[in-house]
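The values are calculated or read from the model by the stated rules, or taken from the named source; none is laboratory data. Remember, it's a predicted structure, so these values are computed and weren't measured experimentally. Because the Cβ atoms are built from the backbone with ideal geometry, glycine has one as well, and the counts that use them run over all protein chains shown.
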Amino acid sequence: MKKKNKILFNKFSREDLKKQLEDESFERTTLSFYKYVIIEDPFSLRERLFIEWYKLKIKGRIYIAKEGINAQLSCPKPNWDSFVMSIRSINEFEDIQFKIAVEDKLDSFLKLAIKVKKQIVADGLNDNEYDVTNVGRHLSAKEWNDCMNNGAVVVDVRNHYESRIGHFKGALKPDVDTFKEELPLIKKKLESKKEEKILLYCTGGIRCEKTSSYLKHHGFKDVNQLHGGIIDYAKQVKENNLENKFVGKNFVFDDRLGEKISNDIISNCDQCGGPCDDYTNCNYVDCNLLFIQCEKCARKYEGCCNKNCQEMSKLPSDEQKKIRKDRKKPSLSSFKKSIRPQENIAERNINTRL
């Protein structure tokens, strides 16, 4: 792929972007979509979409690769028709289905970021280990519930921090940090169940496409996936008055970090241990740890994961930059992205200045 010389990107600070959102006089719709399809020139498509969507005041995170597109974004409601026309005008995207968020939040995304990637979801697989044209059967919410009632094997195709705040009842939840780790682990755990009915689910469906094709390639006979993921499941449950078999929140990859699917709180604050399912990132920028924090602890630690980071976050920005520049290791966030419940968050980052 030959990279274009012209670069289009956000030029505003985070503070400026927040102010722009606060000054908006219209509502936004948060949505996601994906499609596996051959894109001959991802860089040209990236440039075209950035120009069109920037004018429409769209904000979000979009990945484009030779194998397709994966997008999470928010669109001003007055510009919805123009956005849909922009998508449908591209032959490869005429039949893309949108997954509308269950809960909207003004600042779900602060800027428009469109990136060209090697893959739209990094999976670590070789090309001969899957075929995205040969995927599992897509199930509606009702079909999904019926299969669960009949004892099918349910597999959460997400990371540990996602399933921690919400999941389907009785699901197999791999304890992994990345999708790359998850695929071989799922195959290993299901090795004795190749003849059984397998149900796969994820946030919006994209990770299930790869997982189902991977499992089918390795001899699994009855592989199924939740159509539209948890996002569309929640919508179908509400519209059709179905039983909701998902408990807790659905983790989402924007500034909301979660949307409520049921009223159950199945997790706990990483600092005080009280019931809580609100994720946050440590307010000390060089840490940025993802962890669960209740309102009381958020006030006590000023949005940080422990007192050490709280102290560091109060240093002048120039001093913080110098610490990051002088650090022998890339950053604290390169050591661990998210905390696990059994870990002692209070003892983390003792050697922050190293």
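The set of residues in segment 56-90 that are of a type in the set (S, T, N, Q), touching a helix residue (DSSP H, G or I) at 6+ places or on another chain (Cβ under 7 Å) and modelled with pLDDT of 95 or more contains only SER86. Considering segment 105-134, and only residues there that are modelled with pLDDT of 90 or more and among the β-branched types (Val, Ile, Thr), the residue that is nearest to LEU49 (Cα to Cα) turns out to be ILE114. Taken over segment 199-227, the criterion of being at positive phi and surrounded by fewer than 23 Cβ atoms within 10 Å (Cβ to Cβ) is satisfied by GLY219 alone. Taken over segment 93-104, the criterion of being at pLDDT 85 or above and in contact with a strand residue (DSSP E or B) (Cβ under 9 Å, 6 or more places away or on another chain) is satisfied by PHE93, ASP95, ILE96, GLN97, PHE98, LYS99, ILE100. Please go through segment 199-223 and pick out each residue that is within 19 Å of VAL121 (Cβ to Cβ) and in a strand (DSSP E or B). Result: LEU200, TYR201, VAL223. There is at least one residue in segment 239-247 that is over 12 Å from ASP156 (Cα atoms), in contact with a Gly (Cβ under 7 Å, 6 or more places away or on another chain), at pLDDT 95 or above and not hydroxyl-bearing (Ser, Thr, Tyr).
Since PHE253 meets every condition but one in (1) closer than 24 Å to PHE33 by Cα; (2) within 23 Å of the chain's Cα centre (by Cα); (3) surrounded by 15 or more Cβ atoms within 10 Å (Cβ to Cβ), which condition does it not meet? Failed condition: (3). Quick one: in segment 304-318, of everything that is over 7 Å from TYR284 (Cβ atoms) and part of a loop (DSSP other than H, G, I, E, B), which residue is nearest to the chain's Cα centre (by Cα)? It comes out as CYS305. Is at least one residue of segment 129-138 over 21 Å from ILE39 (Cβ atoms) and in a helix (DSSP H, G or I)? For segment 129-138, residues over 21 Å from ILE39 (Cβ atoms) and in a helix (DSSP H, G or I): present. Taking the criterion of being under 16 Å from the mean Cα position of the chain (by Cα) and surrounded by 15 or more Cβ atoms within 10 Å (Cβ to Cβ), the residues of segment 118-135 that qualify are GLN119, ILE120, VAL121, ASP123. The set of residues in segment 183-212 being touching a strand residue (DSSP E or B) at 6+ places or on another chain (Cβ under 9 Å) and closer than 17 Å to TYR161 by Cα consists of ILE186, TYR201, CYS202, THR203, GLY204, ARG207.
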